[in-house]
1. Distance between Cα centroids, the range 445-490 to the range 244-305: provide it in whole Å.
2. What does the extension gain come out to for VAL292 and ASP263, with contour length at 0.36 nm per residue minus their alpha carbon separation?
3. If we sort 184-196, 243-255, 130-142, 362-374 on the protection proxy, mean other Cβ atoms within 10 Å, highest first, what's the order?
4. Could you check how much of the accessible area of the chain is carbon and sulfur, as a whole percent, using a 1.4 Å probe?
5. Where the centre of each part is set by its Cα atoms, how far does the range 424-444 sit from the range 375-423, in angstrom?
6. Under a point spin-label approximation (7 Å from Cα along Cα-to-Cβ), what is the GLU190-ALA213 distance to one decimal in nm?
7. Pop out the ³J(HN,Hα) list for the range 130-146 in order, Karplus 6.51 cos²θ - 1.76 cosθ + 1.60 with θ = phi - 60°, rounded to Hz; leave Gly and Pro as x.
8. Taking a temperature of 4 °C and a viscosity of 1.567 mPa s, what whole-number D in µm²/s does Stokes-Einstein yield for the range 419-481 with Rh from Kirkwood over alpha carbon pairs?
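The values are calculated or read from the model by the stated rules, or taken from the named source; none is laboratory data. Just so it is clear, the model here is predicted, and its values are computed rather than measured. Here Cβ is always computed from backbone atoms with ideal geometry, including for glycine, and neighbour counts include all displayed protein chains. These accessible areas exclude ligands, DNA and RNA; they are computed on the full protein's heavy atoms, side chains included. Shrake-Rupley method; radii C 1.70, N 1.55, O 1.52, S 1.80 Å.
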Amino acid sequence: MKFKKLVATGLAAVMMLGTLAGCGGNPSNNQETTTSNSSNGSGNQSQVQDTKNQEIVNLKWITIGNGMPTNYDSWIAKVNSYIGEKIGVNLEMVVIPWGDWDKRRNIIINTNEPYDIIFGTGNNYIADINLGAYYDVTDMLDTYMPGLKELMPEKYWTGVRVKDRIYGIPTYKDSSISNYAVWDKKIVDEYEINMADYVELGSLTELFEKLKAEKNDYPVYIKNDGVYYIFDVYDQIGSGTQILGVRYDDKDARVCFTLEEPDIYSALEIFHEWNQKGIINPDAVTLTEARVYNMWRVAQGWESAGVTSWGPQMGMEVAVQKVGDTILSNETVRGSINMISTNSKYPEKCLQLLDLVNTDTTLRDMFYYGEEGVNFEYNADGKVHKINQNWEMAGYTQGTFFTVTPVETDEFNQWEEVKALNETAVSSVMLGFTFDTTSVSDQLANCREIWMRYRSEVMTGVQDPAVAVPKIKEELMQAGWQDVIEEAQRQVDEFMAK
């Protein structure tokens, strides 16, 4: 069904410009051939085809990043020469800056602005599907995405299913959640800390009191969303709120008010104790940006991120310790997905393009690192040397990490570590289930708002959960919380019975 056009009168002039431009821009069949070293990626051979006697189709892909690359024209010329020969596609990329993304994306979707592929996350995936914005690609994947179908385990496709249909192509990267305690290594060494003994929150209090007294600093320095990883063990089932969910390993699949669950409630008690003892920075409740340095924090990632990311970010050596299971859920998979417009004239070509971006290392490097000879080059060992750090596109939005060429400074392949975590992740009991909130949408929206009013003070330990949680629940019940819980449980029970 075609997505109904909802262009408002006030936006007509703006939309006219988009319509005149069309999807994919002007053909560029005479562009210069890329100079990529062929040893760095032979491509997915199933996608290679003779395009000499067929029309080159134009596609438009909208994504997020630091804005349009300064060398966009020369970069896209090389990309189009490459993909034109491979799959008969001429591409136009639109890279929207981070700060403009939410507003701009909503305008694009709600006004039916022309595009073929658009980046997104689970935040809007279900709502956009309900609008009819995205193409149902379920029955096309085997034919047009053989490479990615082979690369990505089936359970990750399950993570984007809605009512057993697929409307988005997941970016196969760190698509499961692994949490790690990240410590300042100098602290670990000085105090001879065995990090494995300090995985549980309650075990940290005495040590943090000592560090606060002796280092005259806050061991837990957070912003207004607090130590939010505690909710990762609860599958939000598409509800869009931390306070409703099913614990990932609960075989009975009980939908619960998470703040009352023993593990969450005890964590909130600990945060309140830390706040009272000065372990948490007192301005946390109002901070919207975290500081760079932390004695201790919990971050999502993988062990070697301590060397490649977390340490360099802090400008010092860090030590890391895994916390809990690696968990696979709908939310983890939907952190990065690309959808095809229901109005695209060439959905098959869109899938072929996304398959090629994911499986052809030469093309993947073009998107991940930029223009060869301008942003990067290959060294004698076939690794990537970055000429500069000017590439504006966000690598996680485009395709898998696992076909990217390593940079020359990598002493090991961190992506293999990420892939291994994905393959051994514990699947949530709710994987493949999405809560249809239609009948309780108003109640759920009101309940989300209530939690957001309390969240900062509860999650930074300002409020005592013994007082706050009953008060929150009372307001939730008045807003229709029971209706939400009962409807969610009804749908979950049906899902589990299949």
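1. The distance from the Cα centre of the range 445-490 to that of the range 244-305 comes to 16 Å.
2. That pair, VAL292 and ASP263, stretches by 7.6 nm at full extension.
3. Sorting 184-196, 243-255, 130-142, 362-374 by mean packing, highest first, produces 362-374, 243-255, 130-142, 184-196.
4. So the carbon and sulfur contribution to the accessible surface is 48 percent.
5. 33
6. It works out to 1.6 nm between the two label points.
7. Residue by residue, the range 130-146 yields 5, 6, x, 7, 10, 6, 7, 9, 3, 8, 10, 5, 4, 7, 10, 9, x Hz.
8. Answer from the Stokes-Einstein relation: 90 µm²/s.
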